[in-house]
1. Just to verify a result, which residue in region A:323-348, among those that are modelled with pLDDT of 85 or more and touching a Phe, Trp or Tyr at 6+ places or on another chain (Cβ under 9 Å), is surrounded by the most Cβ atoms within 10 Å (Cβ to Cβ)?
2. Please work out which residue is nearest to the other protein chains (Cβ to nearest Cβ), limiting yourself to region A:184-194 and to residues that are in contact with a strand residue (DSSP E or B) (Cβ under 7 Å, 6 or more places away or on another chain) and surrounded by 19 or more Cβ atoms within 10 Å (Cβ to Cβ).
3. Of all residues in region B:219-260 being free of Cβ contacts under 8 Å to residues at least 60 places away in the same chain and touching a Lys or Arg at 6+ places or on another chain (Cβ under 6 Å), which is surrounded by the fewest Cβ atoms within 10 Å (Cβ to Cβ)?
4. Kindly provide the set of residues from region B:73-93 that are aliphatic (A, V, I, L, M), more than 13 Å from every other protein chain (Cβ to nearest Cβ) and in contact with a strand residue (DSSP E or B) (Cβ under 6 Å, 6 or more places away or on another chain), ordered by number.
5. Could you say whether any residue in region A:110-119 is outside any loop (DSSP other than H, G, I, E, B) and out of contact with any Leu (no Cβ under 9 Å at 6 or more places or on another chain)?
6. Would you confirm, using the coordinates I've provided, whether A:D143 is farther than 12 Å from A:V177 by Cβ, assigned to a strand (DSSP E or B), among the acidic types (D, E) and within 14 Å of another protein chain (Cβ to nearest Cβ)?
7. Can you pull out every residue in region A:99-118 that is surrounded by fewer than 21 Cβ atoms within 10 Å (Cβ to Cβ) and more than 22 Å from A:P191 (Cα to Cα)?
8. Can you run down the residue pairs with Cβ atoms below 7 Å, 6 or more apart or on separate chains, where the first is in region A:3-14 and surrounded by 12 or more Cβ atoms within 10 Å (Cβ to Cβ) and the partner is acidic (D, E)?
Amino acid sequence: MTFLTVVIRGLLRRPVRTCLTLAGISIGIAAVVALVGMSRGFEKGWQVGLKARGTDLVVSSRGGSLTPKPFNASIRDQIARLPGIAATCNLLVQVTSVEDSDLMILSAREWGGFSWSNLKLVTGRMPQSGEEQAVVLGQTAADILKKKVGDPIQIETAELKVVGIVKGGALVEDGSVIMSLALLQKILASPDQINAIDVRVTPGTNEKQLQILIQQIQRQVPEVRAVSVADHLSNSEGFRMVRAMTWGTSLLAVLVGVLGVMNTMLMTVFERTHEICVLLAVGWKRSRIIQMVLYESALLGFFGGVIGVTIGALGVRALGETPALRGLLQPDLGFPLLALSVLIAVAVGVFSGLYPAWRSSRLAPSQALQAG
Amino acid sequence: MTRSFLFAATIAGSLIGSVVAQEPSPPPAMSAEALAAKLDAVGQGSAIVRTQMEIRTKEGGKHTFQLQIKQRRTKAGTDLVYLVLWPNDQKGKAVILHQKAGTAPSGSVIEPPHTVRALKESEMSEGLFDSDLAYRDAVENFFAWKKQALVGSEVVDRVNCQILESKPDSSSESIYGTVRSWIDPARLVPLRIEKYSPAGELIRRIETDRVARDDRQQSIPAGLVVHGPRKNTVTQFNGASIKHDVEFSDADFTPDSVFR
């Protein structure tokens, strides 16, 4: 009988308990995969959206959120004058309810600005002027709002017309109602108000020059904050909160798994006192006993991790297909996250096995007689 | 809610991120009258609000409305216009409500193109656009009632709230016998309101499910869930925008203003 056989037999001794423990760990790991995968997917989608627009820097008001406080559009002129700035585009982005959708992104862009250029028309046409009472919808937004070209759409107090469906190349772009900045400012009765400026720097600008430019913008206009596209979400207070919430919830689920494994391993040690003492009596070293218990708990963690990763990945995909969420989830379930999740599960297993392993190593061979 | 938890949490988190980060410290203890007076003062002024109203049935059905609310609240009284912006088949429907201090509320219902029907006093307890919120709930300001008492405290949504009990006296017209509000004293926001009949029966419960900062940087209830006497429906208000200090004239609270 090999050492591994002893370990596996230990786990199979109580198959129901082992399965329940596996279920506990896998649910925790599934939560990690699903929550972290969704949050990373959203973050990545937003960044892809900004890159798709050809944006290198985003300037917004201080306060850090996805829809920051509005500020005066004249700030753009101060930024556009700086050397190294190739183009700018004023934006007013709102997250609000539209018709029966309770959360929709309204993305109003300066007419003629470069942020329009990445939009690929799927059907219909683009607005013909900045004043036309018209919007184009990202494909996902059109799906959610059940709109086609020619349909009316109620934006705040104005009834506008959907003139086109577009593909923006990113989740956020595809989930937006896109319109001219002047039109939204008029509807909101907020002339000259914007809440972001997309900035494109001159080609060939390296990361160091980009950081210098960011500092120049900060000095020139202290009331705003400039961040590179890569840092945009990392700087968002709201997203930091979501990230913390995601990990917090996941770790809580993992903690339940830790307790489950610890309980199982302790019970195993108690039930196998006789066997462990006999093994000690026939010459097994204490370190080998510790190794055996830790291998068992690590194996529990590993299999729990693999099952959890599978459940999490399938679950989040199934969730994304439900009518309520279709198009809103683009989870990032890359290999690094899946591998990290399995590693967490193994670590949970080993950690949970430490105390039971220590207990088992303290048994004396003579206890085999009492236990027997 | 029909949106994903993550999406909603991200957006809501982003929107209220700064609010959470800068949680105001609790103010010194106040008397019931002082607390009610502060809440009354916070609610005063003129504003245009846009909100989504969703009436959900237990069977899973829902009716969604986009509403524009014009409101003018002063010590002397309250004037309101609730106008349906969407759905298109109900667009232009409106309800105008008035209540002068110490008098019964009055109002009219407007149906496009040009029908105006005055609301009878007995109809004031019916649902606004058939929701769980009664006409009188929209217009009645119980924080201005004279009888106010603090009757305890309770944690609501992790916030230690003071329970303010408001009772109408002879100068306040209401069908309610008692209104209890669970007030977050730091943000001056009611997180729960319960309205009882004079016999002590719970008639309506309004819960705040989202607090946001308005254009004056004051905390306001941005999401409300209303449970009325109808047991098979619940109404959710999902506030989208608010603009304060709008100049209104009396003409803005007449049927003609709606027809325009």
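The values are calculated or read from the model by the stated rules, or taken from the named source; none is laboratory data. Because the structure is a prediction, the values reported are computed rather than measured. Neighbour counts are summed over all protein chains in view; Cβ atoms, including those assigned to glycine, are modelled from backbone coordinates with ideal geometry.
1. A:A345
2. This residue is A:L184.
3. B:G223
4. The one that is aliphatic (A, V, I, L, M), more than 13 Å from every other protein chain (Cβ to nearest Cβ) and in contact with a strand residue (DSSP E or B) (Cβ under 6 Å, 6 or more places away or on another chain): B:L80.
5. Yes: region A:110-119 contains one or more residues that are outside any loop (DSSP other than H, G, I, E, B) and out of contact with any Leu (no Cβ under 9 Å at 6 or more places or on another chain).
6. Details: farther than 12 Å from A:V177 by Cβ: yes; assigned to a strand (DSSP E or B): no; among the acidic types (D, E): yes; within 14 Å of another protein chain (Cβ to nearest Cβ): yes.
Answer is no for this residue.
7. Correct list: A:D100, A:S101, A:D102, A:S117, A:N118.
8. Note: pairs meeting the criteria are A:V7/A:E296; A:G10/A:E296; A:L11/A:E296.
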